[in-house]
Amino acid sequence: MQEAFIVSAVRTPVGKKNGSLSQFRADELLGIVLREVVNRVGVDPALVDDVVGGTVTQVGEQGFTLPRMGVLAAGFPDDTPGVAINRQCGSSLTALSFAAAEIVAGWRDCSIACGCEIMSKYGIAAEWLNLTLSNGKPAGMPIGPAYLNRTGGKFVDQGQAAELIAMKWEIQKDELDSFSMRSHQRAHRAQTEGRFDREIIPIRVSAADGQEKILDRDETVRPETSMEALAGLKPVFGTKMMTAGNSSPISDGASAVLLMSADMVKKLGVKPRARIVTSAVAGADPVMMLTGPIPATAKVMKKSGLNMLDFDRIEINEAFASVPLAWGREYQPDWEKVNPNGGAIALGHPVGNSGCRLVVTCLHELERIQGKYGLITLCTGGGMAPAVIIERV
């Protein structure tokens, strides 16, 4: 068996809803990170065996196998293939697991895992909401009787699931808001100290006045956030506690991770930055649905032989504040090691992109502190969660 190594990892800044990145086509935005991830280590794109990408809403400009379209937009050779993965919010972390697994199996030597989502254009459910068949009839809901039989016949959306989680783990509203404020504070500190500078690709965009500018930082961070402001926000999703302040915002972004086998690393003389230790995936209750990181973490730790004390950095996606807080109730982590530069509540959650983005950020943070092991996990719609462990080398 081969080992799979990360040799390059980059991302765009995260753009806010209808912000600077919303002007891009998805293939063009993805093409930017694909081109950059090979250029940073001087690797010939012709050596890339496959591009495995995560996208949730595979419709319009994000449809028709977006990774293949991104390959062409990046100027890669015609014979570079691509494939799209959809595990909801875990799509691009699953893409990384699949790409690494093929290297471990000896089927590939050089692959790119990536993610891209422009939620400003294609919101959740855009691939089926109001969609019609060729005869004009409704295309139908993907959530059918088999799913609803597991949920008591009622569809529970993610915001409602987030509140159910808060109730089960006895998480109060002020704790949700405090966690959210800390996410913004940490993200602002990271921006101020330049912690994201190495991982972000500065992108030339058009400003509102028509002038060009360089976007080199995430647009969704709100350093002015306060407990008073968060407390004043109205609940959404038909809940009592979940607000726009303790939920991740609609956002846009792309990221890419270049993976190589040990043989390819040696052949090219490329310096590996991290090893993919192992990965796992878990299903969860489809009603609360966002609890998947809890069993996924248990699975991936068992497979690796590592425990919570072994991780120098942990990135768990902040789809809603209750998700990492409930996970934390179970594992009692050192919170200084968890999302130390803020999470999706501050940095945004372009759903198909987030898994790879978390890996990019975790790797650079491990390098900054000279840490060894990092854990990355995130919840998904429908009740699932992937998890990956990386080791800085």
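The values are calculated or read from the model by the stated rules, or taken from the named source; none is laboratory data. All figures in this text were calculated on a predicted structure; none of them were measured in a lab. All Cβ positions, even for glycine, are placed from backbone atoms using ideal geometry, and neighbour counts span all protein chains on display.
Quick notes on this one:
- The residue that is modelled with the lowest pLDDT, among those in the range 123-163 that are within 23 Å of the chain's Cα centre (by Cα) and over 17 Å from V56 (Cβ atoms), is V156.
- Any hit, the range 273-283, residues being of a type outside the set (G, A, S) and assigned to a loop (DSSP other than H, G, I, E, B): yes
- Candidates G194, G238: the one that is out of contact with any Gly (no Cβ under 9 Å at 6 or more places or on another chain), surrounded by fewer than 20 Cβ atoms within 10 Å (Cβ to Cβ) and in a loop (DSSP other than H, G, I, E, B) is G194.
Yes/no per residue for (1) touching a Phe, Trp or Tyr at 6+ places or on another chain (Cβ under 9 Å); (2) surrounded by 18 or more Cβ atoms within 10 Å (Cβ to Cβ); (3) at pLDDT 95 or above:
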residue	(1), (2), (3)
M260	yes, yes, yes
P286	yes, yes, no
L290	yes, yes, yes
E315	no, yes, yes
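- Across the range 315-355, the number of residues qualifying as under 17 Å from H188 (Cα atoms), out of contact with any Ser or Thr (no Cβ under 9 Å at 6 or more places or on another chain) and part of a loop (DSSP other than H, G, I, E, B) comes to 1.
- So F98, is it free of Cβ contacts under 8 Å to residues at least 60 places away in the same chain and closer than 16 Å to V359 by Cα: yes
- Filtering E224, E228, E219 for residues that are farther than 29 Å from V48 by Cβ, among the charged types (D, E, K, R) and buried (at least 17 other Cβ atoms within 10 Å of the Cβ) leaves a single hit, E219.
- Residue check for K240: under 25 Å from T291 (Cβ atoms), free of Cβ contacts under 8 Å to residues at least 24 places away in the same chain and among the basic types (K, R): no
- Extreme residue, surrounded by the most Cβ atoms within 10 Å (Cβ to Cβ), among residues of the range 17-59 that are among the acidic types (D, E) and touching a helix residue (DSSP H, G or I) at 6+ places or on another chain (Cβ under 6 Å): D27
- One residue from A229, A208 being at pLDDT 95 or above, more than 29 Å from A387 (Cα to Cα) and not in a strand (DSSP E or B): A229
- Considering S180, S251, S279, the condition of being closer than 25 Å to R87 by Cβ and touching a helix residue (DSSP H, G or I) at 6+ places or on another chain (Cβ under 6 Å) is satisfied by S279 alone.
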